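This report concerns only the one structure given below.
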Amino acid sequence: MIQITPQTKVLVAVEPVDFRCGIDGLAQLCKARFQADPFGGTLFVFRSKRGTGIRLLCYDGQGMWLCAKRLSKGRFKWWPSATPTNAASVRLLAHELQVLICGGDPSETRVPEAWRPLGFP
């Protein structure tokens, strides 16, 4: 089972991918584009070229998960664009991923920080 916790590292691919490639093809993209180990527990998010579907790729310790969602109407409203540093991916927090999966805009979420250092006198 995929467990998405606040500590889960989530990387969203900036460029759309060809959804004809399966688990092996997406795992190769993780290595090539992100220089990230697809077997390291990171959850990778990819978007279709038309913007109507997303795929999530994650390794849970026993095998790879490939989850897909295609919207019945419309497109995913938010998707990261190319950054000045030409990064291939953008990192999201767990609650922002939930908003993205529901078709929302993760940049508009307003939640307190997940962890704050305690100040002792």
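The values are calculated or read from the model by the stated rules, or taken from the named source; none is laboratory data. Small disclaimer: the values here were computed from a predicted structure and weren't measured. All Cβ positions, glycine included, derive from the backbone under ideal geometry; neighbour counts span all protein chains shown.
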Considering segment 9-20 alone, what residues qualify as being closer than 20 Å to residue 40 by Cβ and over 16 Å from the mean Cα position of the chain (by Cα)? none
Residue list for segment 111-121, restricted to those being at pLDDT below 65 and either under 28 Å from residue 67 (Cα atoms) or not in a loop (DSSP other than H, G, I, E, B) (or both): 114
Pairs, first under 18 Å from residue 45 (Cα atoms) and among the charged types (D, E, K, R) in segment 103-121, second modelled with pLDDT of 60 or more and assigned to a loop (DSSP other than H, G, I, E, B), C-beta under 8 Å, six or more apart: 105/77; 105/78
Checking the structure you have, find out if any residue of segment 76-95 is in a helix (DSSP H, G or I) and either at pLDDT below 90 or more than 16 Å from residue 43 (Cα to Cα) (or both). yes
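Would you confirm whether or not segment 103-110 contains a residue that is at pLDDT 90 or above and within 13 Å of the chain's Cα centre (by Cα)?
The initial filter retains those residues of segment 103-110 that are at pLDDT 90 or above, namely none.
No: zero hits.
Within segment 39-47, is there a residue that is aliphatic (A, V, I, L, M), closer than 17 Å to residue 102 by Cα and at pLDDT 90 or above?
Quick first cut of segment 39-47, residues aliphatic (A, V, I, L, M) only: 43, 45.
With closer than 17 Å to residue 102 by Cα added as a condition, the list becomes 43, 45.
Restricting the remaining residues to those that are at pLDDT 90 or above gives 43, 45.
Yes, there is a match, as at least one residue in segment 39-47 is aliphatic (A, V, I, L, M), closer than 17 Å to residue 102 by Cα and at pLDDT 90 or above.
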Kindly indicate whether any position in segment 24-44 is within 21 Å of residue 105 (Cβ to Cβ), assigned to a loop (DSSP other than H, G, I, E, B) and free of Cβ contacts under 8 Å to residues at least 40 places away in the same chain. no
Any chance residue 50 is in contact (Cβ under 8 Å) with a residue 24 or more places away in the chain and out of contact with any Gly (no Cβ under 9 Å at 6 or more places or on another chain): yes
All but one of (1) at negative phi; (2) assigned to a loop (DSSP other than H, G, I, E, B); (3) surrounded by 12 or more Cβ atoms within 10 Å (Cβ to Cβ) hold for residue 49; which doesn't? (3)
When residue 48 is run through (1) polar (S, T, N, Q); (2) farther than 16 Å from residue 4 by Cα; (3) out of contact with any Pro (no Cβ under 8 Å at 6 or more places or on another chain), the failure sits at (3)
